[in-house]
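Report on the following structure.
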Amino acid sequence: MTNRTSVLALALAGAAAVALGLTPLPATAAETRVAVFGFELIDSSLDGEMLGTTKEEQARLAAMAPRAAAWLHEKKGYAPVDLSAVAEQAGHSNLQNCGNCDIKMAKAAGAEISVTGTVQKVSNLILNVNLYVRDVATGKTIAAGSADIRSNSDDSWRRGLDWLLKNRIDGQLATAGR
């Protein structure tokens, strides 16, 4: 994904979070503070190579982080932190391969947990949603999962993320005591 696409996805994710009523609020003492970064697209499809990322895919990508943040807040009581101070840096980084830069940015934003994710597009029929949850203090992965989805649509991306959160991430967070 290009830096411009990353910045756009992060900006759209912030706008979507506000639209969903997820404006970061100060965490209460009992809430775990979480930095949910914008998802990144790994497009290895022939379409992506020839045409680039579509506006629809950019919008879907931007909706992923606010949806994950909403789920974490509803189901786990995590309080999303404001990432505006690190948004530009995050948008210009490959968060999956930047030498723990997500941990550093999450820490700078006051988070205890960092959440990053990707959507890998093999073709318009085969996609994969990946999510990584890491402890900011130790840098260790406390939850991770993957969900294969079929079709490149709003509904398939939503269902893939929802399934991943419910069937993979939830149990791992519970086991980790989170």
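The values are calculated or read from the model by the stated rules, or taken from the named source; none is laboratory data. Only a predicted model underlies this, so the values are computations on that prediction, with no experimental measurement involved. Every residue, glycine as well, gets a Cβ built from its backbone with ideal geometry; the counts of neighbours run over all protein chains shown. SASA here: full protein model, heavy atoms, side chains in, ligands and nucleic acids out. Shrake-Rupley method; radii C 1.70, N 1.55, O 1.52, S 1.80 Å.
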Legend entry - Mean-position separation - Cα centroids, region 36-71 and region 90-163, in angstrom: 11
Inset, instruction - Rank these by accessible area, largest first, 1.4 Å probe: Glu112, Glu40, Glu31. - result: Glu112, Glu31, Glu40
Inset, instruction - State whether region 59-112 is rounded, prolate or oblate according to the following rule on the C-alpha gyration tensor (a ≥ b ≥ c being the square roots of its eigenvalues): a/c under 1.5 gives rounded; otherwise a/b larger than b/c gives prolate, and the remaining case gives oblate. - result: oblate
Legend entry - Amide hydrogen neighbours beyond the local backbone of Ile142, cut-off 5 Å, H modeled: Val133, Arg134, Asp135
Inset, instruction - Tell me which residues come under 5 Å, amide H to amide H, from Leu41 once H is placed; ignore anything under 5 positions away on its chain. - result: Val119
Inset, instruction - Using a 1.4 angstrom probe on heavy atoms only, work out the carbon and sulfur share of the accessible area of region 75-172 in %. - result: 47
Legend entry - Whole-number accessible area per residue in Å² for region 102-163, which is evaluated in the context of all protein chains at 1.4 Å: 42
Inset, instruction - Run down the lysines and flag those whose C-alpha is under 27 Å from the C-alpha of Lys140, throwing out any fewer than 8 positions away in its chain. - result: Lys75, Lys76, Lys104, Lys107, Lys121, Lys166
Inset, instruction - For a quick protection proxy, order the peptides 135-142, 76-83, 55-62 by their average other-Cβ count within 10 Å, most packed first. - result: 76-83, 55-62, 135-142
Legend entry - Backbone HN-Hα couplings from phi across region 127-141 [Karplus 6.51/-1.76/1.60, Hz, Gly and Pro as x]: 9, 9, 9, 10, 9, 10, 10, 10, 6, 5, 5, 9, x, 7, 6
Inset, instruction - Assign one of three labels to region 35-74, namely rounded, prolate or oblate, based on the Cα gyration tensor with a ≥ b ≥ c the square roots of its eigenvalues; rounded applies when a/c is under 1.5, prolate when it is not and a/b is larger than b/c, and oblate otherwise. - result: prolate
